[in-house]
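Visitor: Okay, here's the structure, questions in a sec.
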Amino acid sequence: MTINPGLLPEGLRDRLPPQAEAASRLMHRVIVAIGRHGYERVSPPLAEFEEQLVGRLKSARAQDLLRFVDPVSQRTLALRPDITAQVGRIAATRMGHCARPLRLAYGGPVLKLRATQLRPERELMQAGAELIGNDSVAAVIEILGVAIEALETAGVTGIGVDLTLPDLVETLAHGAMPLPTDRIDAVRDLLDAKDAGGLAALGAEAYLPFIAAAGPVAPALDRLRALDPSRALDTRLAAVDEIATAMAGRATLTLDPTERHGFEYQSWIGFSLFADGVRGEIGRGGCYNVIHADGTEEPAVGFSLYLDPLVDTGLGQVPTRRLFVPAGTDAGAAAAMRAAGWTTIAALGATDDAARLGCTHRLTAEGPLPI
């Protein structure tokens, strides 16, 4: 069978000019913005031993890993679908001796096993930050603030934050709204899917009102307090209120207490990031626990930003002044123009056409002239 030489596997794509340069520019802007808050960059490898990627974060599952056998070690490796687990490994091992809270930043490609309708790309550029050793309200407020500032630096406007309570069902199932242990996962999944019929069929009608509790933070909190006469959620709801107050004016905040998909390893709070004019999520984050080799758990909070949707909307692209340098021009003159911010395109022969090469100006003895 003959394969089209330009064909790529499903969900993978080439980035061409000017999008490739825009992606690089956005990555730099985001990482610099994160670093200004004291987050030092780490750079994990593209692949690791499979057990490291699924065993470092509490509740993480091996459901999105592209695996292969390493010909050197003969062990199963996996390409990273997310960088958070790798940062957790680094924090727990090579940087386990460092003072806490430990602030780390990262950026690079990740590869998903499968695409989704909302996100057909399997390879994504991801950047983010992790604060290891603390998952307090203050830590969440810092992380959210850093994420918002990084997005603003990238040119994003109209930022929205959708908060969620990943352990809502577990909290209520062991207290105010008892559930058999073998039904907790099913109820959690049905709430995530907003499946009222499924909840009723499972005998979990008490959880139905939580589906309708989502919305802007203030009324959503009021509805949740009314649904929780036992006050089992008081601490979490007070924390959400404090976070919303701290973020007021910086982003539009909503609360969906039953959202679960993609937050499987999060603990008491998670969040998704959205923006005007950008389809789907542009990031997510929240609190989680890093598992150390001795089984102890360390609290953490962080976020990951997806740069590809931003590039697709045109962010990161800047006009360039492309200067055509005729053959025989003094090299020093061309270097001086580059030092002044120009992009130079050197003619390799008399037939080179400045306009066809995308140049905006031509270098002459009098200086750059528009084409």
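The values are calculated or read from the model by the stated rules, or taken from the named source; none is laboratory data. Remember, it's a predicted structure, so these values are computed and weren't measured experimentally. As a convention, Cβ positions derive from the backbone with ideal geometry for all residues, glycine included, and neighbour counts pool all protein chains shown. Ligands, DNA and RNA are excluded from the accessible area calculation, which covers all protein heavy atoms including side chains. Shrake-Rupley method; radii C 1.70, N 1.55, O 1.52, S 1.80 Å.
Visitor: Can you go through V69, V30 and tell me which one is open to solvent by less than 40 Å² (accessible area, probe 1.4 Å) and among the hydrophobic types (A, V, I, L, M, F, W, C)?
Guide: Just a single option satisfies the conditions, and that option is V30.
Visitor: Is there a residue in the stretch 280-288 that is hydrophobic (A, V, I, L, M, F, W, C), assigned to a strand (DSSP E or B) and surrounded by fewer than 23 Cβ atoms within 10 Å (Cβ to Cβ)?
Guide: Step one: list which residues in the stretch 280-288 are hydrophobic (A, V, I, L, M, F, W, C), which gives 282, 287.
Those left that are additionally assigned to a strand (DSSP E or B): 287.
When the remaining residues are screened for being surrounded by fewer than 23 Cβ atoms within 10 Å (Cβ to Cβ), the result is none.
No, there is no match, as no residue in the stretch 280-288 is hydrophobic (A, V, I, L, M, F, W, C), assigned to a strand (DSSP E or B) and surrounded by fewer than 23 Cβ atoms within 10 Å (Cβ to Cβ).
Visitor: Collect the residues in the stretch 198-207 that are assigned to a helix (DSSP H, G or I), farther than 24 Å from A238 by Cβ and open to solvent by less than 50 Å² (accessible area, probe 1.4 Å), keeping them in residue-number order.
Guide: Of everything in the stretch 198-207, those that are assigned to a helix (DSSP H, G or I), farther than 24 Å from A238 by Cβ and open to solvent by less than 50 Å² (accessible area, probe 1.4 Å) turn out to be G198, L199, A200.
Here is a yes/no grid of residues against (1) over 30 Å from M125 (Cβ atoms); (2) touching an Asp or Glu at 6+ places or on another chain (Cβ under 6 Å); (3) open to solvent by 10 Å² or more (accessible area, probe 1.4 Å); (4) not acidic (D, E):
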{"residue": "P216", "(1), (2), (3), (4)": "yes, no, yes, yes"}
{"residue": "L224", "(1), (2), (3), (4)": "yes, no, no, yes"}
{"residue": "A246", "(1), (2), (3), (4)": "no, no, yes, yes"}
{"residue": "L253", "(1), (2), (3), (4)": "no, no, yes, yes"}
{"residue": "P257", "(1), (2), (3), (4)": "yes, no, no, yes"}
{"residue": "F274", "(1), (2), (3), (4)": "no, no, yes, yes"}
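Visitor: In the stretch 162-188, which residues are assigned to a loop (DSSP other than H, G, I, E, B) and either under 11 Å from W268 (Cα atoms) or polar (S, T, N, Q) (or both)? Talk me through it step by step, then tell me what you get.
Guide: If we filter the stretch 162-188 for residues that are assigned to a loop (DSSP other than H, G, I, E, B), which is where we start, we get 165-167, 174-180.
Correct list: L165, P166, D167.
Visitor: What's the number of the condition V110 fails, among (1) of a type in the set (A, V, I, L, M); (2) in contact (Cβ under 8 Å) with a residue 40 or more places away in the chain; (3) out of contact with any helix residue (DSSP H, G or I) (no Cβ under 9 Å at 6 or more places or on another chain)?
Guide: (2)
Visitor: From the set of residues in the stretch 289-316 that are hydrophobic (A, V, I, L, M, F, W, C) and outside any loop (DSSP other than H, G, I, E, B), which is most open to solvent (accessible area, probe 1.4 Å)?
Guide: Checked the stretch 289-316; the qualifying residue most open to solvent (accessible area, probe 1.4 Å) is I291.
Visitor: Shifting gears a bit: Do you know which residues across the stretch 324-365 are within 39 Å of the chain's Cα centre (by Cα) and open to solvent by less than 40 Å² (accessible area, probe 1.4 Å)?
Guide: Correct list: M337, W342, T344, I345, G358, C359.
Visitor: Wholly within the stretch 29-94, which strands (runs of 3 or more DSSP E) include no fewer than the required count, namely at least 1 residues that are closer than 25 Å to T296 by Cα?
Guide: It comes to 47-49, 76-79.
Visitor: Right, here's the next one. Assigned to a loop (DSSP other than H, G, I, E, B), out of contact with any strand residue (DSSP E or B) (no Cβ under 7 Å at 6 or more places or on another chain) and free of Cβ contacts under 8 Å to residues at least 12 places away in the same chain, is that true of A99?
Guide: Against the criterion (assigned to a loop (DSSP other than H, G, I, E, B), out of contact with any strand residue (DSSP E or B) (no Cβ under 7 Å at 6 or more places or on another chain) and free of Cβ contacts under 8 Å to residues at least 12 places away in the same chain), A99 qualifies.
Visitor: How about the stretch 223-262: which of its residues are of a type in the set (G, A, S), within 24 Å of the chain's Cα centre (by Cα) and not in a loop (DSSP other than H, G, I, E, B)?
Guide: Passing the criteria: A239, A244, A246.
Visitor: If A300 satisfies all but one of (1) without any contact (Cβ under 8 Å) to a residue 60 or more places away in the chain; (2) under 16 Å from E142 (Cα atoms); (3) among the aliphatic types (A, V, I, L, M), what's the number of the condition it fails?
Guide: For A300, the failing item is (1).
Visitor: Between a first residue in the stretch 173-199 that is over 21 Å from P229 (Cβ atoms) and a second residue that is assigned to a loop (DSSP other than H, G, I, E, B) and of a type in the set (D, E, K, R), which pairs have beta carbons less than 7 Å apart while being 6 or more apart in sequence or on different chains?
Guide: Close Cβ pairs (under 7 Å, with a partner that is assigned to a loop (DSSP other than H, G, I, E, B) and of a type in the set (D, E, K, R)) amount to R188/R260; D192/E259; D192/R260.
Visitor: With the condition kept exactly as written, say whether any residue in the stretch 121-129 is in contact (Cβ under 8 Å) with a residue 60 or more places away in the chain, closer than 27 Å to D312 by Cα, in a loop (DSSP other than H, G, I, E, B) and among the hydrophobic types (A, V, I, L, M, F, W, C).
Guide: No, the stretch 121-129 contains no residue that is in contact (Cβ under 8 Å) with a residue 60 or more places away in the chain, closer than 27 Å to D312 by Cα, in a loop (DSSP other than H, G, I, E, B) and among the hydrophobic types (A, V, I, L, M, F, W, C).
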